[in-house]
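Encoded as C-alpha cells, the structure appears first; notes follow it.
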Amino acid sequence: MIQKWFYKRRTKAEKTRTQLTPQATALIKARNYDSEKYTVCPIDLVNFNVKDGNKDGLVNLSEKTCSCMKFQVDKLPCRHALAAIRFAKKPFGDFCGDCYKTTSWVEAYSGNIFPVGHPSEWTIPEGVRSMVVYPPPFRAQAGRPKKKRYKSAGEHRNGNTRHCTICGKSGHNRQNCRNAQPFRFLYHQQHLQQLQHRSDHVDHTGAGNVEKKATIHKNVH
C-alpha cells in the first residue's frame with residue numbers, strides 16, 4: 001500500500017512543471033484574483049501599505065510579513081502580499097515557503113519502499129530474537145471490573161434500537177425530538193375529533209330520549 005502510494009505521488013510530482021505544487025498554485029490564483037481590487041501605496045522598496053476597503057495590510061516583502069499575520073502563518077503570500085508583489089513586479093514563487101515548491105514535493109517521495117517479504121526470510125539479530133517483551137505493568141482499579149461496553153447513543157440496554165416515544169423514530173429521545181411540535185398538533189386535532197364525536201353521540205342520544213318521553217306522554221293521555 002505505501003509502496004504504491006509513494007510511486008503514484010513521486011510520478012505525479014516529477015511530471016509537474018510549475019514552481020509550486022498544484023494545490024499551492026490554485027490557492028495563489030484564487031487569492032491573486034481577490035487582490036486585484038486592492039490599492040497599493042508603496043512606502044519604500046520593500047514596505048507597502050495595501051488597502052482592501054476593510055482592513056489595511058502593512059506588507060514587508062524582505063521579511064515576508066503582513067499585519068494580517070496570514071503571510072507568516074501560512075508561509076504563503078496573503079492577498080495583501082500578492083498585491084504588493086504584483087506592484088513590485090516580482091514572481092510569486094519567490095515568496096512562498098519551500099514546503100509549497102515542487103522540488104520539495106519530489107524530494108519528499110524520492111525514496112523507494114521495498115516489500116518486507118515473508119517472515120521466514122527476515123534476518124533478525126540474535127539479541128532481538130532472544131528478547132522477551134512483557135506487557136506493561138497494570139494496576140487494577142477499585143471496584144468490580146466492567147464486563148460490558150457502554151451503550152452508544154440510540155442503543156437500548158437489551159440490544160434493540162431505542163425509539164422516540166413522540167415521533168417513533170430512532171436516534172433520539174422525546175427530550176430532543178425535532179418532530180414534537182407537528183406530532184402534538186396532530187394529537188390535538190385527533191383529540192378534538194374524539195371530543196366532537198362524543199358530543200354528537202350525546203346529542204343524538206338525548207334527542208332520542210326526548211322523543212320517546214313525548215310518545216309515552218301522548219299515549220297516556
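Quick note: the coordinates plus some simple rules give every number you see, no bench work behind them. What you are looking at is a predicted structure, and each value in this text was computed from that prediction instead of being measured. Here the Cβ positions follow ideal geometry from the backbone for every residue, glycine too, while neighbour counts run over all protein chains shown.
Convert each backbone phi in segment 51-60 into a coupling constant with the Karplus relation 6.51 cos²θ - 1.76 cosθ + 1.60 (shift: θ = phi - 60°), then list the ³J(HN,Hα) values in order as whole Hz, x for Gly and Pro.
With the stated coefficients, segment 51-60 comes to 9, 10, x, 10, 9, 5, x, 9, 10, 10 Hz.
Can you give me the long-range amide H partners of Asp56? Hydrogens built in the peptide plane at 1.01 Å from N, cutoff under 5 Å, separation of 5 or more residues or another chain.
none
So what's Rg/Rh here for segment 2-108, counting alpha carbon atoms and using the Kirkwood radius for Rh?
Checking Rg against Rh, the ratio lands at 1.07.
Convert each backbone phi in segment 7-19 into a coupling constant with the Karplus relation 6.51 cos²θ - 1.76 cosθ + 1.60 (shift: θ = phi - 60°), then list the ³J(HN,Hα) values in order as whole Hz, x for Gly and Pro.
Values, residue by residue: 5, 5, 6, 5, 5, 5, 5, 5, 7, 6, 9, 7, 5 Hz.
Pull up all non-local amide H partners of Thr65: gap of 5 or more, or a different chain, and H-to-H distance under 5 Å with H placed in the peptide plane.
For Thr65, whose amide H was placed from the backbone, the distant partners under 5 Å are Asn60.
Could you give me the ³J(HN,Hα) list for segment 117-130, computed from phi with Karplus coefficients 6.51, -1.76, 1.60 and θ = phi - 60°, whole Hz, x at Gly and Pro?
Once rounded to whole Hz, the list reads x, 6, x, 5, 9, 6, 9, 10, x, 5, x, 6, 5, 7.
Kindly provide the GluC sites (Glu not before Pro) of segment 8-92 that DSSP labels as loop, not H, G, I, E or B, and whose Cβ sees at most 11 other Cβ atoms within 10 Å.
Glu36, Glu63
How far apart, in nm, are two points set 7 Å out from the Cα along the Cα-to-Cβ line at Asp94 and at Lys75?
Here the answer is 2.0 nm between the modelled labels.
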